[in-house]
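Any read-out appearing in this document is the output of simple, stated calculations on the displayed coordinates, not a laboratory observation. Predicted model only: the values in this text are computed from it and were never measured. Note: ideal-geometry Cβ built from the backbone for every residue, glycine included; neighbour counts use all protein chains shown.
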Amino acid sequence: MENCFRLKELQIEEILSLLDLAEECRLGKHCNELNGKLIANLFFEPSTRTQYSFNTAEERLGCKVINFNPQASSLQKGESFYDTVKTFESFGVDGLVIRDRADEYYRSLIGKIHCPIFNAGDGKKDHPTQSLLDLLTIRQEFGHFEGLKIAIVGDVKYSRVAHTNIEVMERLGMQCFISGPEEYRDKEYQYLNFEQAVREMDILMLLRVQHERHEQKMTLSTEEYHQQFGLTPARVKQMQEHAIIMHPAPFNRGVEIADEVVECEKSRIFKQIQNGVYVRMAVLLKVLGERR
């Protein structure tokens, strides 16, 4: 791997190898293995989990870290996205972790930026490390992927998590469905009634409503959304005994998920967040380790 742009570019064997490496990191292996490497985290879009789990992963691997603040940068003076990225490459960093609102922003950098780029989320298209941590969580829970049924519920249309997950999960043999309000459906995917999804799925993955990417305001009120598509304690009781709840976060309590459900017995939400550190350690090791 020279960069980490999207999982579509990786073979299944490469993806499983990254999950194996992430498990090794979970067990405490590989700490300080990238000692002295300098990484710049360039988040042009707000982030908590992705930015700071990359930061944590980098620190555990012994890297030195620069966290870019767009609000206190020359972007406010009219500097372009490209010139900002090129500036950090010119500092001599060993890798760039980048998130941006533009779909496939990295295409404008190929052939011009020569240090590794790690995609931390681009527009509505891809979020490779989020999908890897979701896969790691699912494998830890079930031990396999083949035949598992997942419903991704909510704002699928604008979700890079949904788009990345469905592509790779189907390649791994999972059955993927979507559910939620009609205005947020992606016609490319198979739709399932929410109440049926609650009863039949092995995994329910909830998505927040991503207002910042919408062209028009949501037609449902938050109360209506919760009533129709929110995962409530009553709905949790209808889930299969072995079924689990996932969410890429941030989550909106009382909208797509009830407050009492966030940390219920079936929830793996904070386990996903924990696994994000190990997956990002694995990706950094795979790319930067091969360049040593």
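In region 1-126, how does Rg compare with the Kirkwood Rh, expressed as the Rg/Rh ratio over alpha carbon atoms?
0.96
For Asp126, what residues show an amide H to amide H distance below 5 Å, using hydrogens built from the backbone and excluding near sequence neighbours?
Those lying under 5 Å, H to H, from Asp126 are Glu104.
Calculated from the structure, volume of the Cα convex hull per residue in Å³ equals which of (1) 131; (2) 179; (3) 118?
(1)
Quick one: what do you get for region 128-273 if you divide its Cα Rg by 2.2 N^0.38 Å?
Ratio of Rg to 2.2 N^0.38 Å for region 128-273: 0.95.
Identify which of Lys112, Lys64, Lys271 has the largest mean-square fluctuation in a Gaussian network model of the chain, with springs joining Cα atoms closer than 10 Å.
Lys112
Full extension from Gln71 to Arg107: what is 0.36 nm times the residue separation minus their Cα-Cα distance, to one decimal in nm?
10.5 nm
Once phi is turned into θ = phi - 60°, what whole-Hz ³J(HN,Hα) does the Karplus curve with 6.51, -1.76 and 1.60 give for every residue of region 189-205, x standing for Gly and Pro?
So the J values, rounded to whole Hz, are 10, 7, 8, 9, 4, 4, 5, 5, 4, 4, 7, 10, 7, 7, 9, 10, 10.
Taking neighbour Cβ counts within 10 Å as the exposure measure, how do His144, His30 sort from fewest upward?
In order of increasing Cβ crowding within 10 Å: His144, His30.
For the chain, what does -39500 (n - 2.57) per DSSP helix run (n ≥ 4), summed and divided by total residues, give at 222 nm, in deg cm²/dmol to the nearest 500?
Value at 222 nm, helices only, nearest 500: -11000 deg cm²/dmol.
Give a residue-ordered list of calculated ³J(HN,Hα) values for region 137-151 (Karplus: 6.51 cos²θ - 1.76 cosθ + 1.60, θ = phi - 60°; whole Hz; x for Gly, Pro).
5, 5, 5, 4, 6, 10, x, 6, 10, 3, x, 5, 10, 10, 10
For Gln196 and Ser17, what is the calculated FRET efficiency with R₀ set at 41 Å and r taken between the beta-carbons, to the nearest 0.05?
So the FRET efficiency works out to roughly 0.70.
When the Cα centres of region 9-25 and region 137-172 are compared, how far apart do they sit, in Å?
Between the Cα centre of region 9-25 and that of region 137-172, the gap is 16 Å.
Nearest 0.05, what FRET efficiency do Glu79 and Phe142 give at R0 = 35 Å with Cβ-Cβ as r?
Taking R0 as 35 Å, the efficiency between Glu79 and Phe142 is 0.15.
Would you look at the GNM of the chain, springs on alpha carbons closer than 10 Å, and say which of Gln274, Gln175, Gln71 moves the most?
Highest fluctuation of the listed residues: Gln71.
Could you work out how much longer the chain between Asn35 and His242 gets when fully extended? Use 0.36 nm per residue separation minus the Cα distance between them, nm to one decimal.
70.4 nm
Given H placed 1.01 Å from N in the peptide plane, which residues other than close sequence neighbours of Ile66 have an amide H under 5 Å from its amide H?
Those lying under 5 Å, H to H, from Ile66 are Ile39, Ala40, Asn41.
What spacing in nm lies between the two simple spin-label points modelled at Thr56 and Gln274, each 7 Å away from Cα in the Cβ direction?
Reported label-point gap for Thr56 and Gln274 is 1.0 nm.
Take the cross-link list Lys77/Lys112; Lys37/Lys149; Lys86/Lys271; Lys8/Lys187 and give me the ones stretching past 29 Å between alpha-carbons.
From the list (Lys77/Lys112; Lys37/Lys149; Lys86/Lys271; Lys8/Lys187), the Cα-Cα distance tops 29 Å for Lys37/Lys149; Lys86/Lys271.
Give the calculated FRET efficiency between Glu2 and Cys264 to the nearest 0.05, with a Förster radius of 35 Å applied to their Cβ-Cβ distance.
My answer for the efficiency is 0.25.
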